[in-house]
Amino acid sequence: MTETEFIALAEHTLDAIEAAIEEANASEATDIEIERSGNVLTLELVDRSKVVVNSQTPMQQLWVAARSGGFHYALNDGRWRDTRDGSELYASLSRIISTQGGQGIVLKPE
């Protein structure tokens, strides 16, 4: 994939995560603050802790930083998969946010 293609796909994915969080906020009575600055999406949870999702163009990956650690996701068969355990990005974000923020949330890919 070219750098231009990766950037477009990463932007689309960050937009989709933002939309999924907004939908969850409306339907699941969660209260996650969203801040976007370029390729960095910061989610502030109810307990004021943060989960950060950003794109890493040179590596062609999306990275997630949370209390539980740092996670790297690469595109594999059309899905963003953790480079260590193969878990899917949205499922992982649901687990990370639910555990860290103390509010159950299920993020659905578009």
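Can you pull out the strands (runs of 3 or more DSSP E) entirely within region 1-61 that have at least 3 residues that are out of contact with any Asp or Glu (no Cβ under 8 Å at 6 or more places or on another chain)?
Counting at least 3 such residues, we get 50-56.
Being among the charged types (D, E, K, R) and more than 26 Å from Q103 (Cβ to Cβ): is that true of E35 here?
Here the answer is no, as E35 does not meet what is asked.
Which ones in region 1-22 are closer than 16 Å to V106 by Cα and free of Cβ contacts under 8 Å to residues at least 24 places away in the same chain?
Of everything in region 1-22, those that are closer than 16 Å to V106 by Cα and free of Cβ contacts under 8 Å to residues at least 24 places away in the same chain turn out to be E18, E22.
Taking T42 as the residue in question, decide whether it is surrounded by 14 or more Cβ atoms within 10 Å (Cβ to Cβ) and either over 17 Å from A19 (Cβ atoms) or modelled with pLDDT of 95 or more (or both).
It is true that T42 is surrounded by 14 or more Cβ atoms within 10 Å (Cβ to Cβ) and either over 17 Å from A19 (Cβ atoms) or modelled with pLDDT of 95 or more (or both).
The values are calculated or read from the model by the stated rules, or taken from the named source; none is laboratory data. Quick caveat, the model's predicted, so the values are computed rather than measured. Glycine gets a Cβ as well: all are built from the backbone with ideal geometry, and neighbour counts include every protein chain shown.
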